[in-house]
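Undergrad: The structure's right below; bear with me while I get my questions together.
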Amino acid sequence: MTNYKRPWNIAHRGSSGEYPENTLSAFWSAVNSNADIIEMDLQLTADNQVVVFHDRTVDRIFKLKSGKSIRDFNLKKLKGLDVGSWFVPSFEGLKIPTLNEVLEELPEDISLILEIKGKEDALFERILNMLDDYERKLGLGYISVRDELTLTNVRNWNNTHKIGLMQKKRSPAELFNVVDEFIVEIIQIRWKKWQENDWNELEKRKLVVTAFYADKNADYEFLCSRKVNGIFTNFPSRLTEFLNNHRAKM
């Protein structure tokens, strides 16, 4: 791995292996663990507020059986719910953060990956406007999208931020087809099912590659050998320790 620059330590939903995901506590833990980038998921509430939340329904995180989504609640109602007591150990009392709160609280030099969890124009507009209002750059990060339509729509919103495309359920070959057709420069891969020919095909393209996700030293070692640009992890403290211990090899 001579002359290989160490991969970015990307905190997946913050330090989500140690704190309730997508909370300010998880984000601050990632900062204190020397993560290079913090990744988070963004959705719209019923009153068009941007909140940090991953799931399609609110049930797992809020310990409900409603089948409802974030879009079914206004921000005031969501702020009355607890996003910490589901976790083990419990962090009872934590509240869902808004993107405004994240931008206000986290230092400006912290890089961010903002995953868009929806296709509404209002969501793109709100996110981009907030970034402009706070004069916030994403640093090493990017706006993360799932599909070609969202990719095109975000590009059309006078976006000046980098955009990354997630592999999701596409095969590597299908992903490469989209990359070539839409001139994508950053991809987020589900690397565990990749075969040698997929990695060989990747080497032919000059792409920024982030790998989702890894929590074990053996996986970190493998991804470093593949020279990915960034590694998503639920335990950024572990990845920091690994990278520090293997600095001489890079």
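FYI, it's all coordinate maths here, none of it is from the lab. Everything numeric here is computed off the predicted structure, so don't read it as measured data. For neighbour counting, all protein chains shown are included, and Cβ atoms are generated from backbone atoms with ideal geometry for every residue, glycine included.
Undergrad: Test of understanding: in a Gaussian network model of the chain with alpha carbons linked when under 10 Å, which of Pro20, Pro236, Pro107 would top the mean-square fluctuation ranking?
TA: Pro107
Undergrad: Excluding residues on the same chain fewer than 8 positions from Lys68, give the aspartates and glutamates whose Cα lies under 20 Å from its Cα.
TA: Within the straight-line cut-off, Lys68 pairs with Glu21, Asp41, Asp47, Asp55, Asp59, Asp82, Glu120.
Undergrad: For the pairs Lys63/Lys216; Lys63/Lys162; Lys162/Lys206; Lys63/Lys192, note any where the Cα-Cα span goes beyond 26 Å.
TA: Violating the 26 Å Cα-Cα cut-off are Lys63/Lys216; Lys63/Lys162; Lys63/Lys192.
Undergrad: Hey, which lysines would be in cross-link range of Lys119, C-alpha to C-alpha under 17 Å, not counting anything within fewer than 8 residues on its own chain?
TA: Cα-Cα hits under 17 Å: Lys168.
Undergrad: Still on this structure, I have one more. Kindly identify the stretch 42-99 as rounded, prolate or oblate by the Cα gyration tensor criterion: order the square roots of the eigenvalues as a ≥ b ≥ c, call it rounded if a/c is under 1.5, otherwise compare a/b with b/c, prolate if a/b is larger, else oblate. The partial results should precede the final answer.
TA: Details: a/c = 1.90, a/b = 1.44, b/c = 1.33.
Judged from the Cα gyration tensor, the stretch 42-99 comes out prolate (a/c at least 1.5, a/b above b/c).
Undergrad: Same structure again: Computed over the Cα atoms of the stretch 9-249, what is the convex hull's projected area averaged over all directions, in nm²? Please list the in-between numbers first.
TA: Values: hull surface 53.0 nm².
The number I arrive at for the stretch 9-249 is 13.2 nm².
Undergrad: Tell me the Rg and the Dmax, in Å, that the Cα atoms of the stretch 113-219 produce.
TA: Over the stretch 113-219's Cα set, Rg and Dmax evaluate to 14.7, 45 Å.
Undergrad: Using the Cα gyration tensor of the stretch 1-151, with a ≥ b ≥ c the square roots of its eigenvalues, what is the shape: rounded (a/c below 1.5), prolate (a/b larger than b/c) or oblate (neither)?
TA: Here the stretch 1-151 falls in the oblate category.
Undergrad: May I ask you to list the GluC sites (Glu not before Pro) in the stretch 109-197 that are in a DSSP loop and have at most 12 other Cβ atoms within 10 Å of their Cβ?
TA: On the way: sites: Glu115, Glu120, Glu125, Glu135, Glu148, Glu174, Glu181, Glu185, Glu196; in loops: Glu120, Glu135, Glu185.
Here the GluC sites (Glu not before Pro) that fit, given the DSSP loop and packing criteria, are Glu135.
Undergrad: Applying a 10 Å radius around every beta-carbon, put 21-29, 137-145 in order of their mean neighbour count, most first. Don't jump to the answer; show the numbers that get you there.
TA: Numbers: 21-29: 22.7, 137-145: 21.0.
Going from most to least packed, we get 21-29, 137-145.
Undergrad: Put +1 on the Cβ of every Lys and Arg and -1 on every Asp and Glu Cβ in the stretch 114-250; which of Thr210, Tyr220, Asn177 then has its Cα farthest towards the positive end of the dipole?
TA: Tyr220
Undergrad: If packing is taken as the average count of other Cβ atoms within 10 Å, what order do 71-79, 48-56 fall into, highest mean first? Provide the component values of the computation, followed by the final result.
TA: Working: 71-79: 15.3, 48-56: 19.9.
Packing order, densest peptide first, comes out as 48-56, 71-79.
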